[in-house]
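What follows is a short report on a single structure.
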Amino acid sequence: MKNAALASPALRLRLALGRLSPVLFLAALLYAAGFGTLAWLVPARDALEQERELARRAAAQPPPAPPAAPVASADANLALFYDSLGQKRYVEQQVKTLFGIAAKTGLVLRQGEYKSGYDRNAKLHTYQVNLPVQGSYGQVWQFAMLALRAIPFASLDDISFKRDTIGQAKVEARLRLTLYVLDTPGVPR
């Protein structure tokens with residue numbers, strides 16, 4: 001009896017489908033598929049719209065501040081300072097570098113004055129170089145900038161210009177550079 005009860009609805013459905021025209025059946029099937037697709041797309045569209053709204057709000061917010069870099073300790077800064085200094089044994093090579101840069105920029109270098117010293121507080125040696133040069137104003141500044149780039153432990157302490165007449169193209173300049181060097185590399189004891 002149970003089989004007959006189950007068979008009866010299945011038989012009725014089969015007979016009803018057999019009476020339907022294939023075009024009407026295909027239309028009903030397409031209608032059901034469209035309705036199912038629509039039922040699936042509406043919530044998906046709403047979810048997408050919510051995501052877009054959240055993205056718009058996030059874009060309107062200012063960017064978060066980058067994390068602060070850790071502050072170096074005084075000992076680390078001091079070690080970095082001493083590591084950037086030159087070595088005393090290479091001072092003559094640095095002076096040769098200055099003469100090479102002068103030749104490269106087209107300056108005429110006369111003999112300079114050199115003076116060494118020692119700073120007890122900083123525990124470093126200084127090598128002061130006074131260079132009288134002749135050339136154009138631009139050449140002198142180019143020489144000074146190239147020298148500071150080539151020798152990072154040098155400082156330009158003074159620069160003076162002198163021109164005999166206003167129409168003269170060449171100027172006489174005097175540059176005072178100081179090289180900061182250590183006996184040995186690293187932090188002095």
The residue that is farthest from residue 154 (Cα to Cα), considering only those in the range 54-89 that are touching a residue at least 24 places away in the same chain (Cβ under 8 Å) and among the hydroxyl-bearing types (Ser, Thr, Tyr), is 82
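In the range 79-117, which residues are open to solvent by 80 Å² or more (accessible area, probe 1.4 Å) and either among the hydroxyl-bearing types (Ser, Thr, Tyr) or assigned to a helix (DSSP H, G or I) (or both)?
First, the residues of the range 79-117 that are open to solvent by 80 Å² or more (accessible area, probe 1.4 Å): 80-81, 83, 88-90, 92-93, 96, 104, 110-111, 113-116.
Correct list: 80, 81, 83, 88, 89, 90, 92, 93, 96, 104, 114, 116.
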Subset of the range 18-46 (residues that are of a type in the set (Ser, Thr, Tyr) and surrounded by 10 or more Cβ atoms within 10 Å (Cβ to Cβ)): 31, 37
Does residue 133 qualify as being open to solvent by less than 50 Å² (accessible area, probe 1.4 Å), touching a residue at least 12 places away in the same chain (Cβ under 8 Å), part of a strand (DSSP E or B) and under 23 Å from residue 85 (Cβ atoms)? no
Here is a list of conditions, (1) under 28 Å from the mean Cα position of the chain (by Cα); (2) within 17 Å of residue 147 (Cα to Cα); (3) modelled with pLDDT under 85, and residue 108 meets all of them except one; can you say which number that is? (1)
Counting only residues that are within 30 Å of residue 126 (Cα to Cα) and open to solvent by 100 Å² or more (accessible area, probe 1.4 Å), how many does the range 47-78 have? 2
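Of all the residues that make up the range 136-189, how many are part of a strand (DSSP E or B), more than 22 Å from residue 77 (Cα to Cα), of a type in the set (Ser, Thr, Tyr) and in contact (Cβ under 8 Å) with a residue 24 or more places away in the chain?
Total meeting the criteria: 0.
The values are calculated or read from the model by the stated rules, or taken from the named source; none is laboratory data. In this text, all values refer to a predicted model and were calculated from it rather than measured experimentally. Glycine also receives a Cβ, built like all others from the backbone with ideal geometry; neighbour counts cover every protein chain displayed. When the accessible area is computed, the model is the full protein with side chains, heavy atoms only, and any ligands, DNA or RNA have been set aside. Shrake-Rupley method; radii C 1.70, N 1.55, O 1.52, S 1.80 Å.
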